[in-house]
Amino acid sequence: MYDVIIIGAGPAGMTSALYLLRANKKVLLLEEKVYGGQIINSNLVENYPGIPNISGFDFATNLFNQIKELGVDYKNEKVIKIEGTKVITSNNSYECKKIIIATGVVNKKLGIEDEYIGKGVSYCATCDGNFYKNKIVAVIGGGNTALEDALYLSNICERVYLIHRRDTFKGEIRYLDEIKNKSNIEIITNSNVIKLNGVDKLEGIELDTGKKIEIAGLFIAIGQVPNNDIFSNIIELEDGYIKSIDGVHTTNKDIYVAGDVRKKDLRQLTTAVSDGSIAATICIKEMI
């Protein structure tokens, strides 16, 4: 029997574990893939208070090592459902007193790329960028992730096309200014990628403007979506996100929520760790 089971080992989930372990609680941390969440794909984090710059991988690894030293029980298992306070995975089932859901979000897809994933299509420039050294690639998106990806790839690749469906970008101006000063980045606006071409691997893309571009790699950065369908029978969702009463409590008294997976306005590293610490602290008080 665990005091708390945390589902999701991103910054919110690991921060929850940190606070719970320091309160001498028995904690199981479940993660389907690898620890770190979305931040592990960020080449450089520069907006975390007190840390001028750090890679997302280093930040996540430091936090993971911190909770490992405190004795967290960490397992790579996919959660398939929750029954009461029993968490059932594809391998086992676990009993606990309280549950914190911190599953984050997953990358949004174009819907036309499945056969090319791993064969020219990627969602992580820092993970896969080096595969395209001195080659021509494209990035799709208009937010910070897309702009950062384009800048990162411009230092590796021969040429980078930055493609956005609108004529203005949501990302920070400073990133856009850097991009405009890069001679090997070409911005293409008011355009959508409608077709991917290639036999055994990606060789090119077609835009709805009729333009065809030969590329070796395509990096998709069009946002994220939650993946909460397995929880819909026990807690209330809103637009796919977990609805919280006060930012922490869900509509089930034994289940708490933290991080990007909950319905909220701002999704940043700082808000993820804040959510995690608050959820754990309230959980501790309500177990006394």
remark   = All conditions in (1) more than 22 Å from G37 (Cβ to Cβ); (2) aliphatic (A, V, I, L, M); (3) part of a strand (DSSP E or B) are true of I100 except (1)
ask   = Which of the residues spanning region 171-181 are loosely packed, with under 15 Cβ neighbours inside 10 Å and part of a loop (DSSP other than H, G, I, E, B)?
value = E172, N181
query = For region 218-239, how many residues meet the condition of being assigned to a strand (DSSP E or B) and closer than 13 Å to I163 by Cα?
reply = 3
task = Would you tally the residues in region 1-39 being surrounded by 22 or more Cβ atoms within 10 Å (Cβ to Cβ), among the hydroxyl-bearing types (S, T, Y) and more than 20 Å from T270 (Cβ to Cβ)?
result = 0
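Yes/no per residue for (1) out of contact with any His (no Cβ under 8 Å at 6 or more places or on another chain); (2) of a type outside the set (A, V, I, L, M):
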position	(1), (2)
Y94	yes, yes
T126	yes, yes
N134	yes, yes
R159	yes, yes
L162	yes, no
I179	yes, no
S183	yes, yes
I188	no, no
N192	yes, yes
key: Enumeration of residues in region 40-66 that are among the aliphatic types (A, V, I, L, M) and crowded, with 21+ Cβ neighbours inside 10 Å   = I40, A60, L63
request  = Any chance you could count how many residues in region 264-288 are aliphatic (A, V, I, L, M), in contact (Cβ under 8 Å) with a residue 60 or more places away in the chain and closer than 21 Å to N107 by Cβ?
outcome  = 2
query = Using beta carbons and a limit of 9 Å, which pairs, at least six apart or on different chains, have the first residue in region 25-39 and within 10 Å of G13 (Cβ to Cβ) and in the same structural domain as L269 (by TED's automatic domain parsing) and the second one polar (S, T, N, Q) and in a strand (DSSP E or B)?
reply = L30/T89
request  = Please find, within region 115-150, the residue that is surrounded by the fewest Cβ atoms within 10 Å (Cβ to Cβ) out of those that are assigned to a loop (DSSP other than H, G, I, E, B) and in contact with a strand residue (DSSP E or B) (Cβ under 6 Å, 6 or more places away or on another chain).
outcome  = Y123
request  = Kindly indicate the residue of region 198-222 that is without any contact (Cβ under 8 Å) to a residue 60 or more places away in the chain and within 29 Å of the chain's Cα centre (by Cα) and also surrounded by the fewest Cβ atoms within 10 Å (Cβ to Cβ) among those meeting that condition.
outcome  = D208
message = Contact list please: Cβ distance under 7 Å, first residue in region 242-263 and under 14 Å from T281 (Cα atoms), second residue buried (at least 22 other Cβ atoms within 10 Å of the Cβ) and acidic (D, E), pairs at least six apart or on different chains.
response = A258/D275
Filtered residue count, region 226-245, keeping only those that are on the phi < 0 side of the Ramachandran plot, exposed (fewer than 14 other Cβ atoms within 10 Å of the Cβ) and not polar (S, T, N, Q) = 3
Residues of region 249-275 satisfying the condition of being in contact with a strand residue (DSSP E or B) (Cβ under 8 Å, 6 or more places away or on another chain) and either closer than 14 Å to E236 by Cβ or in a strand (DSSP E or B) (or both) = H249, T250, I255, Y256, V257, V261, R262, K263
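The values are calculated or read from the model by the stated rules, or taken from the named source; none is laboratory data. Values in this document were obtained by computation on a predicted structure and should not be read as measured data. Please note: Cβ atoms are built from the backbone with ideal geometry, for glycine as well, and neighbour counts cover all protein chains shown.
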